[in-house]
Protein chains: 4
Amino acid sequence: MKKVSNIAVLTSGGDAPGMNAAVRAVVRTGIYHQLNVYGVMYGYRGMLKNEIFPLESKSVANIIQRGGTILKTARCKEFYEAEGRAKAYENLKKHNIDGIVVIGGDGSFNGAYKMSKEFDIPCIGLPGTIDKDIAGTDFTIGFDTAVNTAVDAIDKIRDTADAHDRLFVIEVMGRDAGYIALHSGISTGAEHIMTPEHLIDVKDIIEDLQTNERRKKLVNIIVVAEGSIAGGAEEVARMVKSSCPQLDTRVTILGHIQRGGSPTSQDRVLASRMGYAAVEALLNGTSNVMIGIVNNKIQYTPLEQAIKAKEHLDPEWLKMVKILAS
Amino acid sequence: MKKVSNIAVLTSGGDAPGMNAAVRAVVRTGIYHQLNVYGVMYGYRGMLKNEIFPLESKSVANIIQRGGTILKTARCKEFYEAEGRAKAYENLKKHNIDGIVVIGGDGSFNGAYKMSKEFDIPCIGLPGTIDKDIAGTDFTIGFDTAVNTAVDAIDKIRDTADAHDRLFVIEVMGRDAGYIALHSGISTGAEHIMTPEHLIDVKDIIEDLQTNERRKKLVNIIVVAEGSIAGGAEEVARMVKSSCPQLDTRVTILGHIQRGGSPTSQDRVLASRMGYAAVEALLNGTSNVMIGIVNNKIQYTPLEQAIKAKEHLDPEWLKMVKILAS
Amino acid sequence: MKKVSNIAVLTSGGDAPGMNAAVRAVVRTGIYHQLNVYGVMYGYRGMLKNEIFPLESKSVANIIQRGGTILKTARCKEFYEAEGRAKAYENLKKHNIDGIVVIGGDGSFNGAYKMSKEFDIPCIGLPGTIDKDIAGTDFTIGFDTAVNTAVDAIDKIRDTADAHDRLFVIEVMGRDAGYIALHSGISTGAEHIMTPEHLIDVKDIIEDLQTNERRKKLVNIIVVAEGSIAGGAEEVARMVKSSCPQLDTRVTILGHIQRGGSPTSQDRVLASRMGYAAVEALLNGTSNVMIGIVNNKIQYTPLEQAIKAKEHLDPEWLKMVKILAS
Amino acid sequence: MKKVSNIAVLTSGGDAPGMNAAVRAVVRTGIYHQLNVYGVMYGYRGMLKNEIFPLESKSVANIIQRGGTILKTARCKEFYEAEGRAKAYENLKKHNIDGIVVIGGDGSFNGAYKMSKEFDIPCIGLPGTIDKDIAGTDFTIGFDTAVNTAVDAIDKIRDTADAHDRLFVIEVMGRDAGYIALHSGISTGAEHIMTPEHLIDVKDIIEDLQTNERRKKLVNIIVVAEGSIAGGAEEVARMVKSSCPQLDTRVTILGHIQRGGSPTSQDRVLASRMGYAAVEALLNGTSNVMIGIVNNKIQYTPLEQAIKAKEHLDPEWLKMVKILAS
């Protein structure tokens, strides 16, 4: 077991609410164990540019409740090349950094995995993404907040849908996974939920809307993941309009509000536990794993297996959605 | 002075948070004065279709905090024709209705004005619109809530803008007036605010963004009213991108979330005062006026003058926006 | 297996956000399966007084997002007596009710258990309590909302604590269990968390506060469950003040705000799944169990075992709290 | 007219949401006019202890949305003595400070007034207090946020009051003025509102509660300002309980949550305008005035007249409260 003395923490890829809570946990747990903790600005880009600074306990005071990330984040093409990673490693060595915690998604883990193979520097990944589409964990940092933000927005839209008897097609985030769509759709009593994983025939939706109309159920919400098989909200609305011109159909794309805001309690607790566990893992000589929470217990997954995971929906859930909105 | 005995209340045009609080105030003040109060469903359309129902004190319990409108709303082309209004009047007569309170915007007031001219039925208008663009009042029901919803959303977007050093072009509602853009822009420290009233040369914005970049101010927010002279957010972003390809520019259109949600305290108090004053006005024999609040006092404006009013911005405000965001 | 045709749903004991979502799920799932569904008002009291009404799909429209319970709730001493339950049973028979879903806490389950033993009427319990202290489920309906309400309030208090360098002792709900205190405390970076389950020597807290003072950490938050071993917030503050008179110590008791408000996404999804599963259980001939969710799967627990469960904290968590707040 | 070159800004007395927005406006307006701007920590106490630091444009980035005050605040007895003020003045002179902006309440203005008389240093006051009880302005920084926080909390309490048919006596802030009680009470449909300004005979309230009971109106909310003539919530509840033992009466004291949280749009705009106007005033040679907003226009009031102002309620409002809650 290699002794760790100086660790670095960075946030990488798309930002997610709760990343600050994770950074705080890494810093304070590290300091408690008498490690020196460094923050890398702008993800891997900062590693390449040597934007690496020491962090103290105070540096992370009063950030647990903040959205965004104080370490900032960026995407970095250079790091995809072995040469880029070599440069990054050199910078880490200048600070004697012998352990890294990367908070991000599967792309970020892939980078960490390659680096750890090439340079024998232990890397721990924390799943920070609103999309919750990472294998090896039940939850990702930011998912619960993003869903609640979407729910709050859809509740507001329902007020106006209801006042006017309108159909709203609402697009939520989720290019590859339908978790946000599914959870926000169930939570707001959406009549239909369209995801990247499940082919719903638009004909069925149209038929259903027409049935609703006969039953005088005139307010309808369709929640669409941006990567739904049938297309985004604009495409879905176009199809509905052409088949149901009598419906007053509107589109709202929730967009980037889903990435920001103060994290929910669940995301703060999750991020705190994961950040704490990341440092423990480095201290225990573990390396090149992602910290996940499975059945409420910390679980390690090798970084190379911590890849995007599609939702595998129990068909019972889809049945439930239909029944509850009826 | 004509004695009033049976009054009707309706919500018309676009919905706005606080309409329910106004309906509640009309109903309860009417009942207190021993009037019979009727609710007309779906605005003028319900008048034509005789969707008119008696309301009790209990009918409006627990609605002061709800967005939308329990009376629903709609637009109604038939009411623009004299024939349509005659039919509506007949329905009102079936219920012996001798006074009307219309909560809506300038189009709704125009309808009320015509009706009152043609049939000598006293009408009182209450300004219910998130756009605040009505002459004769400092505030309209729904404006404060809509602005706060926009501010809350932009705060969230700033979190992610800040994490990535991005420029966000954010579109808020306001086809004809820039009040929501102006207030939400100042409140969120937006670098630029684009409204239907003020021509800002996009060249100036681009120059300013380039200056900011030199100063390492990399996070920028531009708030654009949907009816801004330079176009909506998509148009503005297109122009910025073509001149500043190095900036990471994103667009968010807040859309219909701005119409819903639980009203703010200010909107609830405003709606309560206006609803109360509307019944008092009918009882005092006043007719065909809009109830406004000017300098915190109730003021009557003849319905035909309660038209859309553009914002007349003190140039000092524009100067302030620029200075505070610098 | 007994065929079920007419079911009743009631909410009992303390109310919790998400109860309406559960009622909605029971009603719609029942109707989907062609059952008649009745609502019992005011819990068992309404059973005794025959306040039992048929519910339609429309009766539960637009309530998924509402706090409180449309069926109202009450405590009912008479139901503790066999005579009372006999009277209740008679009323159920008048409506031919042959299945019951009770949403409430352990006291409510105990009532259901007795009734089912005495009269052979199948009862299904759903855990609805903000305290999360029920055996047989990982989550209870209302817990996540209550924690987030507490977190939102404590975040606000931290603003003012920080402005004045104050110590706040904040009391959250939890007479018998410390879950709300623990989760809200971790989420807000509280320096100390005091629960009914864990004896913390107040001397240790005082020593720690004095250490913080020397380190110039002047803002401190202590989160206290109302049933903490050391007493409520007032008692704890009294002890702290007498030992640390130099600290500017204040008390806030969050109180009943923790019971209300629009439920979070997690509570809505949980309540929807549980309500759906309750009707499925009745249809499958299951009876006298509580529906729980364990490791994200529906699990049945016999009603007589669905009792209050104390928190069994991993000592690692307590260590983490201390380290992260340091 | 004396030329100003170096100005200081401080927050003093109780904190209020929006103070940060005001600080930001003072700093950026000052810098725009090429002044040096200093921040004084902890109000007058920091003046005495020379805790005075230069502020840059960046120092106030991303604070417009934050509750609390980055400059912190404190009460300072020494400053009440001439000797203390002399010491403070000396410290100001060390930094060549020739203009001061004090954000606080009437006590803070009194200090500024004395100092300006004794040392001929121009002082501008900005009304920052949640209580809105300052003469010379229609609004104070923080009032709108505090009211909306109270309204949000009371809405939540109404959910649970409604579920149980309870009477809640809810105490809001306002030791000397009833504005928060009045506005939050109207906004939440409270049955009674008790303030420091208006003697309501508790007998009348009890009689009214008994009437409501006969009418089957079982849910009641009484909003009590902490300084109400009849006492705080505990006292009022005690009186109600002894006369109406059949009512299920509960007490909630909202407490310090009313001081924190992200400011509303109105408070941010107000604070921005006032901070901007304060620097303009100093530049124009104005001194020893408080900046107020009256009828939406900036207005100066001599500091010695910017004292606590009781609410002068139009009796019509009190009548309205009673009618709308009936």
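The values are calculated or read from the model by the stated rules, or taken from the named source; none is laboratory data. Small disclaimer: the values here were computed from a predicted structure and weren't measured. Heads up, the Cβs are rebuilt from the backbone with ideal geometry, glycines too, and the neighbour counts pull from every protein chain shown. The area values use the complete protein model at the heavy-atom level, side chains included, leaving out ligands, DNA and RNA. Shrake-Rupley method; radii C 1.70, N 1.55, O 1.52, S 1.80 Å.
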Using a Förster radius of 56 Å, what is the FRET efficiency between D:ASN50 and C:LYS117 based on their Cβ-Cβ separation? Nearest 0.05, please.
0.15
For A:ILE307, what residues show an amide H to amide H distance below 5 Å, using hydrogens built from the backbone and excluding near sequence neighbours?
A:ALA135
Taking the Cα centre of the protein assembly as shown as origin and charging only Cβ (+1 Lys, Arg; -1 Asp, Glu), how large is the dipole, in debye to the nearest 20?
0 debye
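Would you mind getting the Kirkwood hydrodynamic radius of the range B:242-284 from its Cα pairs, rounded to one decimal in Å? Can you show the working numbers first?
On the way: mean 1/r = 0.0687 Å⁻¹.
Answer for the range B:242-284: a Kirkwood hydrodynamic radius of 14.6 Å.
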Relative contact order, percent, of chain A when contacts are C-alpha pairs under 8 Å separated by at least 6 residues?
24 percent
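Ignoring ligands, DNA and RNA, how much accessible area is buried between chains D and C, both sides summed, with a 1.4 Å probe, to the nearest 100 Å²?
Values: alone 14640 and 14620 Å², together 26890 Å².
Between D and C, the summed buried area is about 2400 Å².
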Under the Karplus relation with 6.51, -1.76 and 1.60 and θ = phi - 60°, whole-Hz ³J(HN,Hα) for the range C:177-184, x at Gly and Pro, equal 9, x, 4, 4, 4, 5, 5, 6
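Counting DSSP beta bridges with both partners in the protein assembly as shown, what percentage is antiparallel, nearest 5? Could you put the intermediate results ahead of the total?
On the way: 44 of 168 bridges.
Given both bridge residues lie in the protein assembly as shown, the antiparallel proportion sits at roughly 25 percent.
Highest mean first, what order results for D:86-96, C:136-146 on Cβ atoms within 10 Å? Intermediate results must be reported in sequence, preceding the final value.
Values: D:86-96: 15.9, C:136-146: 26.5.
Per-residue Cβ counts within 10 Å, averaged per peptide and sorted highest first, yield C:136-146, D:86-96.
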Please give the calculated 222 nm ellipticity per residue for chain A, where each DSSP H segment of at least 4 residues contributes -39500 (n - 2.57) and the sum is spread over every residue; nearest 500 deg cm²/dmol?
-12500 deg cm²/dmol
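Give, rounded to the nearest 20 debye, the magnitude of the charge dipole that chain D has about its Cα centre when Lys and Arg contribute +1 at Cβ and Asp and Glu contribute -1 at Cβ.
900 debye
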Go from 0 up to the bin containing the longest alpha carbon distance in the range A:192-274, width 10 Å each, and give me the % of pairs per bin.
15, 39, 24, 15, 7, 0
Strictly over 27 Å apart at the Cα level, which of B:LYS114/B:LYS310; B:LYS3/B:LYS93; B:LYS322/D:LYS308; B:LYS93/C:LYS58; A:LYS114/A:LYS310; A:LYS241/B:LYS93 would you flag in this model?
B:LYS322/D:LYS308; B:LYS93/C:LYS58; A:LYS241/B:LYS93
Do any residues of the range A:263-279 show a loss of at least 20 square angstrom of accessible area between the isolated chain and the full protein assembly, using a 1.4 Å probe, and if so which?
A:SER265, A:GLN266, A:ARG268, A:VAL269, A:SER272, A:ARG273, A:TYR276
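Give me the orientation-averaged projected area of the Cα convex hull of the range A:1-57, in nm², one decimal.
Working: hull surface 17.6 nm².
Average projection, Cα convex hull of the range A:1-57: 4.4 nm².
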Distant-in-sequence amide H partners of B:THR264 (H built 1.01 Å from N, under 5 Å)
B:THR145
Can you tell me the accessible area per residue over chain C, all protein chains present, probe 1.4 angstrom, in square angstrom?
36 Å²
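Rounded to the nearest 0.05, what FRET efficiency do A:TYR80 and A:ASP138 have when you use their Cβ-Cβ distance and R0 = 22 Å?
Values: r = 30 Å, r/R0 = 1.34.
Calculated value: 0.15.
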Rounded Å value of the spacing that divides the Cα centres of the range C:1-46 and the range B:61-138:
40 Å
Whole-angstrom Cα spans of the range B:145-259 along principal axes, big to small
37, 29, 19
Once the in-chain neighbours fewer than 8 apart are removed, the aspartates and glutamates whose Cα is under 12 Å from A:LYS117 read A:GLU304
Where the label is 7 Å out from Cα toward Cβ, how close does C:GLN305 come to the same position in every other copy, in nm, shortest first?
3.2, 7.8, 7.8
Rank D:ILE200, D:GLY255, D:THR160 by how far each Cα sits towards the positive end of the charge dipole of the range D:146-259 (+1 on Lys, Arg Cβ; -1 on Asp, Glu Cβ) and give me just the farthest.
D:THR160
Once you charge only the Cβ atoms, +1 for Lys and Arg and -1 for Asp and Glu, what is the size of the charge dipole of the range C:183-326 about its Cα centre, to the nearest 20 debye?
340 debye
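So for the range D:146-259, averaging the separation of alpha carbon pairs under 8 Å that are six or more residues apart and normalising by length, what relative contact order in percent results? Spell out each step's value before the answer.
Details: 212 pairs, mean separation 43.9, N = 114.
Worked out over the range D:146-259, it gives 38 percent.
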Nonlocal amide H pairs with B:MET194, under 5 Å, H built at 1.01 Å
B:VAL223, B:VAL224, B:ALA225
Lys and Arg at +1, Asp and Glu at -1: neighbours of D:PHE139 with Cβ under 11 Å from its Cβ sum to -1
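Averaged across C:63-75, how many Cβ atoms of other chains sit within 10 Å of each residue's Cβ atom? Intermediate values should be presented prior to the final figure.
Values: counts 1, 9, 9, 4, 8, 9, 5, 2, 1, 6, 4, 4, 2.
Across the residues of C:63-75, the mean count of other-chain Cβ atoms within 10 Å is 5.
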Helix axis angle, D:202-214 relative to chain D longest principal axis, alpha carbon, degrees
50 degrees
Placing one equal point scatterer on each C-alpha of the protein assembly as shown and summing with Debye, one gets log10 I(q)/I(0) at q = 0.06, 0.07, 0.08, 0.09 Å⁻¹ equal to -0.51, -0.72, -0.97, -1.27
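When the chain is fully extended, how far beyond the present Cα-Cα distance does C:ASN295 get from C:ASP201, taking 0.36 nm per residue of separation? The partial results should precede the final answer.
On the way: separation 94, 0.36 × 94 = 33.84 nm, distance 3.43 nm.
Between C:ASN295 and C:ASP201, full extension yields an extra 30.4 nm.
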Point me to the residue of chain C whose C-beta lies closest to the C-onto-D rotation axis, rounding the distance to whole angstrom.
C:ILE253, 3
Specify which residue in the list B:ILE221, B:GLY185, B:THR145 is farthest towards the positive end of the charge dipole of the range B:145-259, using unit charges on the beta carbon of Lys, Arg (+1) and Asp, Glu (-1), about the Cα centre.
B:ILE221
Give me the inter-chain shielding for A:186-194: mean count of other chain Cβ atoms within 10 Å, whole number please.
4
With x for Gly and Pro, the residue-by-residue ³J(HN,Hα) of the range B:96-102, computed from phi through the Karplus equation 6.51 cos²θ - 1.76 cosθ + 1.60 at θ = phi - 60° and given in whole Hz, is 6, 6, 10, x, 10, 10, 10
The ³J(HN,Hα) series, computed from each phi in the range A:239-247 with the Karplus coefficients 6.51, -1.76 and 1.60 at θ = phi - 60°, rounded to the nearest Hz and given as x for glycine or proline, is 5, 5, 4, 6, 8, 10, x, 6, 7
If you count, for every residue in B:314-322, the Cβ atoms of partner chains within 10 Å of its Cβ, what is the mean?
3
Distances from C:ASN6 to the same position in the other copies: list them in nm, one decimal, shortest first, using label points 7 Å from Cα along Cα→Cβ.
4.0, 7.8, 8.7
In nm, give the distance between the simple-model label positions of C:GLN305 and C:LYS58, each being 7 Å from the Cα along the Cα-to-Cβ direction.
4.4 nm
homo-copy label distances at D:ALA135 (7 angstrom along Cα-Cβ), nm, one dp, ascending, are 3.9, 6.8, 7.5
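Quick one: pull the percent of accessible area on the range B:196-285 belonging to carbon and sulfur, 1.4 Å probe, ligands and nucleic acids left out. Write down the numbers at each step before the final one.
Values: 1670 of 3440 Å².
Accessible surface attributable to carbon and sulfur in the range B:196-285 totals 48 percent.
Using only alpha carbons, build the gyration tensor for chain D and give me the equivalent ellipsoid semi-axes, biggest first, whole Å. Intermediate results must be reported in sequence, preceding the final value.
Numbers: eigenvalues 362, 63, 55 Å².
They are 43, 18, 17 Å, listed from largest to smallest.
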